[in-house]
Amino acid sequence: MVSTPSDRLNRERRTIQAMVEIYCHGHHQSTAALCLECHNFLSYAMQRIDKCPLQNNKPTCRKCPVHCYKREMREKARHIMGYAGPRMMIYHPILTILHYNDEITNKNDLRLKNKSRN
Ligand SMILES: [Zn+2]
């Protein structure tokens, strides 16, 4: 599967947005729009992607070696991913598959670099 880096970053944005929506609807009884707290988190996350120093080489956030989120946002991200992650497959199966594909095919996973042979 061929995907350009900008596709990947756009997909990252869409994935994060979808996860925040699932989390917010489940936790904050929001309906159409996100609550203020989740809205703020989402803007923060988008900013982080825009300012990501790895940009074109960016792995998915879960595997990223650069921990760019400040502590409270990282905590919130963990909660959101933990809740929305398993539900993503139900609500956004294609996006989820592409996201995992990004994780698997990414060659810039620095954590696994020494362990895997490709
Ligand atoms: Zn919310």
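Which count do you get for residues in the range 22-37 that are free of Cβ contacts under 8 Å to residues at least 24 places away in the same chain and part of a helix (DSSP H, G or I)?
Of the residues in the range 22-37, 4 are free of Cβ contacts under 8 Å to residues at least 24 places away in the same chain and part of a helix (DSSP H, G or I).
For the range 24-46, give me the residue count where each residue is surrounded by 13 or more Cβ atoms within 10 Å (Cβ to Cβ), more than 7 Å from the ligand (Cβ to nearest atom) and among the hydroxyl-bearing types (Ser, Thr, Tyr).
Result for the range 24-46: 1.
Checking Ile49 against (1) surrounded by 15 or more Cβ atoms within 10 Å (Cβ to Cβ); (2) within 16 Å of the ligand (Cβ to nearest atom); (3) among the β-branched types (Val, Ile, Thr), only one condition comes out false. Which one?
Checking Ile49 against (1) surrounded by 15 or more Cβ atoms within 10 Å (Cβ to Cβ); (2) within 16 Å of the ligand (Cβ to nearest atom); (3) among the β-branched types (Val, Ile, Thr), the one that fails is (2).
Quick note: the coordinates plus some simple rules give every number you see, no bench work behind them. Model, not experiment: these values are computed from the prediction. Because the Cβ atoms are built from the backbone with ideal geometry, glycine has one as well, and the counts that use them run over all protein chains shown.
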